[in-house]
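Student: Below you will find the structure I want to go over with you.
What follows is calculated from the coordinates using simple rules that are stated; it is not laboratory data. These numbers were taken from a predicted model, which means no experiment stands behind them. Virtual Cβ from ideal backbone geometry, glycine too; neighbours counted across all protein chains shown.
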Amino acid sequence: MLTASTGALKRSRRQARPTHERESGPFIWREALWVLDWFSLRLSPVYLGFGVPRGDGSPVVLVPGFLTTDAYLVEMYFWLGRIGYAPYFSGIGINADCVHKLTQRLEKTVQDVHAETGRPVQIIGHSLGGSLARRLALGRPDIVSHIISLGAPIRSLEAHPALMAAAKWGTDRVVHPRLRDDCECTSDHCVPTPAPSIRRAALYSRDDGLIDWRNCLEPDPSLNHEVGGTHIGLVFNPHVYRIVAKLLAQTKGPSRRRVAKRAGKRASRNPILADAPRQAA
């Protein structure tokens, strides 16, 4: 009986420990294979818009991951335009600041997009960008209708130790637990759950080398979609693009709009596209 009790106690302690302490974490060397995701996308008919549902012109805001900018999402931006949506960049600059301040910048962009289009905004966030989208949706469910997270830390703001060390060395900000002394985040993890009215979906990869894939899961298993590939390559992954197209199609509006009519306005609001060619109607 004593042996059984001891075994039960050990199991209880093991289950109580955080996931990253119970099991091995992500293997960062896998991220060197991200170029394979990029090549796979270029070779896939999905990249040209074949075999995926067409969009209705509804606005979609793209939010980059940690230490990256909107330029990182250019491939997905133009792809969304090709399949019939109105894509917008986040306008947050480099994603390496206080989470609260980044969320404020994102809110301004989404609010402007909502005012311009008159329609609820869907948001696709990669990595930390997905966490920012969740924070925004918590306070502004009136302008956000749908959040799609790509390898985003949902349960806690934790990443591979090497990434956290690089963040501390490369910037004067600390992402976890409170970023900076003047950060207004009052939570150690800062990953809230939006209102039930906000549709959500989480795409994750078990081969993710930066974020523990278990940390990328929504509490509701039906909202989770597994894909292969690297964390960096999630924004180039053809399987991700196919699932994103299906998810966006589930929230189509009552009418179709032509994206090209607003291309000039979007280019002027996004400096990275100031000299980019207009999208085809």
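Student: At 0.36 nm per residue, minus the direct Cα-Cα distance, what do K246 and F78 gain on full extension? Give it in nm, one decimal, please. Numbers along the way, then the final one.
Tutor: On the way: separation 168, 0.36 × 168 = 60.48 nm, distance 1.71 nm.
Length gained, K246 through F78: 58.8 nm.
Student: Could you sort 227-238, 65-76 so that the peptide with the highest average Cβ count within 10 Å comes first and the rest follow in order?
Tutor: Ranking, from highest mean packing down: 227-238, 65-76.
Student: In what sequence, highest mean first, do 44-50, 117-123 appear when ranked by Cβ atoms within 10 angstrom?
Tutor: Result, highest mean first: 117-123, 44-50.
Student: If you don't mind, there's one more thing I want to ask. For the range 78-123, what is Rg from Cα atoms divided by 2.2 N^0.38 Å, rounded to two decimals?
Tutor: Compared with the compact-globule rule of thumb, the range 78-123 sits at 1.26.
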